[in-house]
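> The structure follows.
A short reminder: the numbers here are calculations on the coordinates, not readings from a lab. It should be emphasised that the depicted structure is a prediction, and the values quoted were computed from it without experimental measurement. Cβ: placed from backbone, ideal geometry, glycine included. Neighbour counts: every protein chain shown.
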Amino acid sequence: MTPADEARKLLERLGVTCGGSLESRSPIDGQVIGSVAEEGDVTSACARAQEAFLSWRLVPAPRRGELVRLLGEELRAAKEPLARLVTLECGKIVQEGLGEVQEMIDICDFAVGLSRQIYGLTIASERPNHRMIEQWHPLGPVGVITAFNFPVAVWAWNAALALVCGDPVVWKPSEKVPLCAEAVMALARRAMERFGDAPDGLLQCVQGGRDVGQALVEDERIALVSATGSTAMGRKVGPKVAERFGRVLLELGGNNATIVTPSADLDLAERAILFSAAGTAGQRCTTLRRLIVHESIADAFVERLKSLFARIKVGDPRDADTLVGPLIDASAFEAMRNVIGETIEQVDAVPGGYYVRPAIVEADVQQGTMLKETFAPILYVLRYSDLDEAIALNNAVSQGLSSSIFTNDLRESERFLSASGSDCGIANVNIGPSGAEIGGAFGGEKETGGGRESGSDSWRAYMRRQTNTINYGSDLPLAQGVEFKV
Ligand code: UN1
């Protein structure tokens, strides 16, 4: 079946009717698979979100959790068609499409539990008959900007938390994957109908290009802008939001490394590297891009990797044995060709799509394009002689998202995870840098933007903290023992 035919059927199953000036093309064959209407009025959408905020913030958090529970149910029921739509529109293999929808379900479950655990603190007051507390209140409308590579999950990380925290969401999806966003919104609407009294404007989607994103970023009512994408995008969004003293949560580029030490279990390392470097056609922000291998094992190990990579099936992401689907579009292909030149190996899979074999590039020094994130499957290999050098190489790039080490030596592993080890937001042992679970905080340092989404206490970014001091006595002692009387 052509992607266009399959998309039509899936959209029908998912209850999506669309049509409009913004066309969606499948990276599988480059053909148009549908279209959506572009948002002409972001300002009104923000006003509706603000209106929704005024009532949603008063709904008890566990009741807000009920809406997220229903959303999780809708996602469970629609897992297969939504995953297939993800595959059609962004080109990731079906296994990964299913994984992405599972990630949405997982964060919904997490957020439902969280809706009864938005705990504050009791703080010891220095004054007699005083009590101090810290509580968390809803923040305001959240603007969510997402990238093409995770067309549904990143919205869910943000929306599930924002909803239980009492915040409406206005979503600007990547213009490369508008149909996935429409499908998610259809499921969200169904959850809201079943919920009953969710305010209008609680969950909205504004489709379109840069102008739409910019209007969202500049709108004063958007209390938090949570943006996933390139560092270049973050550099524009960050200052714009800062100008109006809004809050940002930035999830930007990664340039993730794995260190393979002499004691490593190489069978494990090989499998992890295959998934992390070649998976999603190298188009994850957590994709493994730099491999730092100990010189004593490098020759044999790199040979192993090369023969493994030669066996990867590159092709239609709908085929069960395909591991690597197409790049998103011609510009991604050009970006890869600019870096590795004519050594780029194109695979003749489906006419109209850009299919490439994941590349391994050995280098003596870390420089040039290795320091940049090219959103394509290029794995650089470097050699090291002692662990300090390997950690220095891991940290010597401007991005700081994810990292990992393969070792069976406790000292090496602890050193890598210590204060002087990896400088990334994510540091793993004996697994690759990609494929994080939702339970942990997700995000990174330096040019990755510093934001944390998803698990742990990331919910705090979606709320405002309030410190309260309550005097239940009949005297008025001042803090720090200050005397102030006439
Ligand atoms: C992204 O690439 O934008 O850790 C997110 C991972 C996924 C999320 C990636 N859970 O690879």
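> Among Tyr354, Tyr462, what is the fewest-to-most ranking by other Cβ atoms within 10 Å?
Tyr354, Tyr462
> A further question follows. What order do you get for Leu266, Leu224 when you list them from fewest to most C-beta neighbours inside 10 Å?
With the fewest neighbours first, Leu266, Leu224 line up as Leu266, Leu224.
> Follow-up question, since we're still on this one. Taking neighbour counts of Cβ atoms within 10 Å as a proxy for exposure, in what order, fewest first, do Thr369, Thr322, Thr287, Thr261 appear?
Listing Thr369, Thr322, Thr287, Thr261 from fewest to most nearby Cβ atoms yields Thr369, Thr322, Thr261, Thr287.
> Please list, by residue number, everything in segment 420-457 whose backbone N is under 12 Å from a paramagnetic label point 7 Å out along Cα→Cβ of Asp109.
Zone members listed by number: 438-439.
> Return the whole-Å distance between the Cα centroid of segment 25-79 and the Cα centroid of segment 346-414.
36
> Within segment 378-486, which GluC sites (Glu not before Pro) sit in a loop by DSSP and count at most 16 neighbouring Cβ atoms inside 10 Å?
Glu437, Glu483
> Same structure again: Counting only trypsin sites (Lys or Arg not before Pro) that are in a DSSP loop and have at most 10 other C-beta atoms within 10 Å, tell me the longest site-free stretch of the chain.
With trypsin sites (Lys or Arg not before Pro) excluded where exposed in loops, the chain gives 1-310 as its longest stretch.
> Normalised by the number of residues in the chain, what is the relative contact order in percent for Cα pairs under 8 Å and 6+ residues apart?
The normalised contact order for the chain reaches 18 percent.
> If you place +1 on the Cβ of every Lys and Arg, -1 on the Cβ of every Asp and Glu, and leave all else neutral, what size is the dipole of the chain about its Cα centre, to the nearest 20 Debye?
So the dipole magnitude of the chain works out to roughly 1120 debye.
> On to the next question. Rounded to the nearest 0.05, what FRET efficiency do Glu193 and Ala47 give with R0 = 25 Å and r taken as the Cβ-Cβ distance? Could you check?
Efficiency at R0 = 25 Å is approximately 0.65.
> I want to check the label-to-label distance for Thr17 and Arg464. Put each point 7 Å from Cα in the C-beta direction and report it in nm to one decimal.
So the label points at Thr17 and Arg464 sit 4.0 nm apart.
> A further question follows. Under a point spin-label approximation (7 Å from Cα along Cα-to-Cβ), what is the Arg8-Ala419 distance to one decimal in nm?
Label at Arg8, label at Ala419, 6.4 nm between them.
> Treat each spin label as a single point 7 Å out from the Cα along the C-beta direction, and report the Val486 to Ser296 distance in nm.
Modelled inter-label distance: 8.2 nm.
> Now for a different question. Which cross-chain or sequence-distant (5 or more) residues have an amide H under 5 Å from the amide H of Arg25, H modelled 1.01 Å from N in plane?
Result for Arg25 returns Ile33.
> Rank Gly473, Asn430, Gly451 by how far each Cα sits towards the positive end of the charge dipole of segment 399-478 (+1 on Lys, Arg Cβ; -1 on Asp, Glu Cβ) and give me just the farthest.
Working it through, the farthest residue towards the positive pole turns out to be Gly473.
> Could you let me know the centre-to-centre spacing of segment 194-257 and segment 271-332, using Cα atoms, in angstrom?
Using only Cα atoms to place each centre, the spacing works out to 31 Å.
> Something else now. Summing Lys, Arg as +1 and Asp, Glu as -1, what charge do residues with Cβ under 15 Å from the Cβ of Glu251 carry, Glu251 excluded?
Charge balance near Glu251 sits at +2.
> Between Arg116 and Ser474, what is 0.36 nm times their sequence separation minus the Cα-Cα distance? Round to one decimal in nm.
Using 0.36 nm per residue and subtracting the Cα-Cα distance, I get 125.4 nm.
> Using the beta-carbon distance between Val365 and Asp211 and R0 = 30 Å, what value does 1/(1 + (r/R0)^6) give for FRET efficiency, to the nearest 0.05?
My answer for the efficiency is 0.10.
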